[in-house]
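The values are calculated or read from the model by the stated rules, or taken from the named source; none is laboratory data. This structure is a prediction, so every number in the text was calculated from the model and none was measured. FYI the Cβ positions are ideal-geometry reconstructions off the backbone, even for glycines, and counts take in every protein chain you see. Areas reflect the complete protein model, heavy atoms only, side chains present, ligands, DNA and RNA absent. Shrake-Rupley method; radii C 1.70, N 1.55, O 1.52, S 1.80 Å.
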Amino acid sequence: QVQLVESGGGLVQPGGSLRLSCAASGSISGFNVMGWYRQTPGKQRDLVARIFEGGTTVYADSVKGRFTISRDNTKNTIYLQMNSLKPEDTAVYYCSAVRGLNYWGQGTQVTVSS
């Protein structure tokens, strides 16, 4: 059973930065793709960024140039560095990993507010 545990969320002022972490219970080297999604109340869960096993990355247009996804296979962890945060980035952020099935973490709240 794969477990994904997110951390690093919190309250930050507009223009600030946060780094989210997603630690997997086992090796992440076998995951075809891992990524971050976000969701606000009453809306669908949307892709923020994903990283493929070969290192290719994909970003939502709304976060390009501000967010960076990375993975550390030695720590079985992926990260989302979020800079220049805006109030519209406020959401619950979920980690996702695909290896046959799509696995999800529990989510971590990110609130951008002054």
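General remarks:
- Measuring nothing but how far apart in sequence close Cα pairs (under 8 Å, 6+ apart) lie, relative to its length, segment 62-114 scores a relative contact order of 28 percent.
- Rolling a 1.4 angstrom probe over segment 1-43 with all protein chains present gives an accessible area of which 48% lies on carbon and sulfur atoms.
- DSSP bridge orientation in the chain - percent antiparallel, rounded to nearest 5: 95
- Scanning residues 5 or more positions from ILE28 or on other chains, those with amide H under 5 Å from its amide H are ASN76, with H placed 1.01 Å from N in the peptide plane.
- Here the chain is assigned +1 on the Cβ of each Lys and Arg and -1 on the Cβ of each Asp and Glu. Its dipole about the Cα centre then comes out at about 40 debye.
- The solvent-accessible area of LYS75, taken with every protein chain present and a 1.4 Å probe, is close to 130 Å².
- Relative to its residue count, the chain spans a Cα convex hull of 94 Å³ per residue.
- Residue ranking by accessible heavy-atom surface, 1.4 Å probe, largest first, among ASP61, ASP89, ASP72, ASP46 comes out as ASP61, ASP46, ASP72, ASP89.
- 5 angstrom amide H check on VAL48, placed H, neighbours 5+ away: TRP36, TYR37, ARG38
- Sequence-separation-based contact order of the chain, relative, with Cα cut under 8 Å and 6+ spacing, percent: 38
- Maximal additional length on extending the LYS43-GLU88 stretch stands at 14.9 nm, based on 0.36 nm per residue less the C-alpha distance.
- Assuming charge only on the beta carbon of Lys and Arg (+1) and of Asp and Glu (-1), the dipole of segment 49-105 about its Cα centre is about 100 debye to the nearest 20.
- Phi-based couplings in Hz for segment 37-52 (Karplus 6.51, -1.76, 1.60; Gly and Pro marked x): 10, 9, 8, 10, x, x, 10, 6, 7, 10, 5, 9, 7, 9, 9, 8
- What the Cβ-Cβ distance of SER29 and THR68 gives, at R0 = 25 Å and to the nearest 0.05, is a FRET efficiency of 0.75.
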